[in-house]
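Comments concern the structure below.
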Amino acid sequence: MITLSEFIIDRQADFPYASGDLSRLLQDIGIAAKIVNQQVNKAGLGDILGAEGTTNVQGEAQQKLDVYADEVFINSFLRGGEVCGIGSEENDEYVAFDRPLSKKGKYVVLFDPLDGSSNIDVNVSIGTIFSIFRRTSSIGDTANINDFLQKGDEQVAAGYVIYGSSTMLVYTTGHGVNGFTLEPSIGEFCLSHPNMNIPEDGKVYSINEGHLNSTSKGVQAYVEYCKKADASTNRPYSARYIGSLVADFHRNLIKGGIYIYPSTKSAPNGKLRLLYECSPLAYLVEQAGGIASDGKQRVMDINPSELHERVPLYIGSKNMVEKALAMLEEHDAPEKEVEKAK
Ligand code: AHG
Ligand code: MN
Ligand code: MN
């Protein structure tokens, strides 16, 4: 059995000049994940369920576990010293660490401490998503906003933890995707899913169909396509929507599928945040052979302009996402609209 720590150290050889900082940072994430996992697992007991009574910058009610997970990860990064600052869903602004050790840190981390908050109180899988960049400011300086506003292609590592029927950590450093399952008896993440690849085709589509009437013609046409019987393409597909991005993504990564969070009338940029939801999952899916797009361009190519920026997301199996994008092109392209109007 290979543990996460052993694997990370073995893989350091992929980076000939590595000093070990990234390896230590990934190990810190593994430890923080175990601490959060403990609380998630006993969330029905004690006083950790329910709302914190506060809202985050996006106007969403914060759950106690959102705030707890945020603190656990931040403390772990502060202790480790490899990180000079963080950006998180639960913090209005980025946080520049002012400890002298942290100011020398080479990396910044953007993260969603608990994804799927609405599922916490009903015992459904939730997760943590993280994205790691090399800082752009000088080592020793205080981190600034430009360290965080980097496009997905600049990520040095990304991953997620899923607190599900078992707890898993899945990550990439740009050399494929590997998944580790927490073995509770020894308290270690162990390599269970080496070199993960997403099937090119799948039979599952995941979208909140409650919003379908307020999405574009292209999205509506694609969902209709998913439901239409056609034996040669395994249709109709099955609908699966957990409402925890991490859990929906994880299932599709293993079994094949497409996840869509489109633009809607009330949310023109969708709901999901570029820097700590879409971008890290885009890195993972591409490393696994899939595609991530905002409907117009590759998610990894988007230059962020603000910390909590939202973008629509089409992510998953290559052939399924390509088909969805082709249908958006066919039904939503502005020139087509003009032609139709004529
Ligand atoms: P978070 O709990 O971190 O705010 O994220 C919730 C996200 C994501 O996990 C999920 O896929 C999506 O919200 C569900 O949104 P809808 O309820 O609008 O479908
Ligand atoms: Mn989220
Ligand atoms: Mn969250």
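The values are calculated or read from the model by the stated rules, or taken from the named source; none is laboratory data. Everything numeric here is computed off the predicted structure, so don't read it as measured data. Backbone-built Cβ (ideal geometry, glycine too); neighbour counts: all protein chains shown. Accessible surface areas use protein heavy atoms only, side chains included; no ligands, DNA or RNA. Shrake-Rupley method; radii C 1.70, N 1.55, O 1.52, S 1.80 Å.
Do the conditions hold for Asp28, that is, is it open to solvent by less than 20 Å² (accessible area, probe 1.4 Å) and acidic (Asp, Glu)? No, not satisfied. Selection of the stretch 77-112 for residues being more than 19 Å from Pro280 (Cα to Cα) and among the hydroxyl-bearing types (Ser, Thr, Tyr) yields only Ser102.
Kindly provide the set of residues from the stretch 60-89 that are open to solvent by less than 50 Å² (accessible area, probe 1.4 Å), within 16 Å of ligand 2 (Cβ to nearest atom) and not in a helix (DSSP H, G or I), ordered by number. Of everything in the stretch 60-89, those that are open to solvent by less than 50 Å² (accessible area, probe 1.4 Å), within 16 Å of ligand 2 (Cβ to nearest atom) and not in a helix (DSSP H, G or I) turn out to be Glu60, Gln62, Gln63, Ile86, Gly87, Ser88, Glu89. Out of Glu52, Glu60, one residue alone is farther than 22 Å from Tyr107 by Cα and touching a strand residue (DSSP E or B) at 6+ places or on another chain (Cβ under 6 Å). It is Glu52. Set side by side, the residues Gly270, Gly256, Gly295 differ, and just one is under 29 Å from Phe180 (Cβ atoms) and either surrounded by 24 or more Cβ atoms within 10 Å (Cβ to Cβ) or not assigned by TED's automatic domain parsing to the domain that holds Ser131 (or both), which is Gly256.
Of all residues in the stretch 119-171, those that are of a type in the set (Lys, Arg) and either touching a strand residue (DSSP E or B) at 6+ places or on another chain (Cβ under 6 Å) or surrounded by fewer than 17 Cβ atoms within 10 Å (Cβ to Cβ) (or both) total 2. For residues in the stretch 218-247 being touching a residue at least 40 places away in the same chain (Cβ under 8 Å), within 16 Å of ligand 1 (Cβ to nearest atom) and not hydroxyl-bearing (Ser, Thr, Tyr), which is surrounded by the fewest Cβ atoms within 10 Å (Cβ to Cβ)? In this case the residue turns out to be Gly243.
All conditions in (1) modelled with pLDDT of 95 or more; (2) in a loop (DSSP other than H, G, I, E, B); (3) under 17 Å from Arg273 (Cβ atoms) hold for Leu110, with the sole exception of (2).
Taking the criterion of being of a type in the set (Ser, Thr, Tyr) and part of a helix (DSSP H, G or I), the residues of the stretch 113-146 that qualify are Ser117, Ser118.
Just wondering, is there one or more residues in the stretch 41-48 that are within 13 Å of Val109 (Cβ to Cβ) and out of contact with any Gly (no Cβ under 8 Å at 6 or more places or on another chain)? If you could, list the steps in order and put the result at the bottom.
Filtering the stretch 41-48 for residues within 13 Å of Val109 (Cβ to Cβ) gives none.
No: zero hits.
Can you name every one of the strands (runs of 3 or more DSSP E) wholly within the stretch 147-259 that holds 2 or more residues which are more than 24 Å from Ser117 (Cβ to Cβ) and more than 16 Å from ligand 2 (Cβ to nearest atom)? Talk me through it step by step, then tell me what you get.
Details: elements: 155-163, 167-172, 177-183, 188-193, 204-206.
In the stretch 147-259, the matching strands (runs of 3 or more DSSP E) lie at 155-163, 177-183, 188-193.
A residue that is within 16 Å of ligand 3 (Cβ to nearest atom) and either under 29 Å from Leu65 (Cβ atoms) or hydrophobic (A, V, I, L, M, F, W, C) (or both) occurs somewhere in the stretch 131-140. For the stretch 203-231, the set of residues classified as of a type in the set (Lys, Arg) and more than 17 Å from Glu322 (Cβ to Cβ) consists of Lys217, Lys227, Lys228, listed by residue number.
The residues of the stretch 90-116 that are surrounded by 19 or more Cβ atoms within 10 Å (Cβ to Cβ) and within 16 Å of ligand 2 (Cβ to nearest atom), listed by number, are Glu90, Val109, Leu110, Phe111, Asp112, Pro113, Leu114, Asp115, Gly116. Per the listing Pro199, Pro184, the residue uniquely outside the structural domain of Gln287 (by TED's automatic domain parsing), away from ligand 1 (no atom under 16 Å from the Cβ), open to solvent by 30 Å² or more (accessible area, probe 1.4 Å) and closer than 30 Å to Gly50 by Cβ is Pro184. When Leu325, Leu284, Leu307 are checked against the criterion of being of a type in the set (A, V, I, L, M, F, W, C) and either within 24 Å of Val177 (Cα to Cα) or open to solvent by 50 Å² or more (accessible area, probe 1.4 Å) (or both), Leu284 stands alone in meeting it. The set of residues in the stretch 260-287 being within 16 Å of ligand 3 (Cβ to nearest atom) and in contact with a helix residue (DSSP H, G or I) (Cβ under 7 Å, 6 or more places away or on another chain) consists of Leu272, Glu277, Cys278, Ser279, Leu281.
Whenever a residue of the stretch 1-25 is within 20 Å of Leu78 (Cα to Cα), its partners that are open to solvent by 70 Å² or more (accessible area, probe 1.4 Å) and assigned to a helix (DSSP H, G or I), lying with C-beta atoms within less than 7 angstrom and at least six residues away or across chains, give the pairs Ser23/Ile9.
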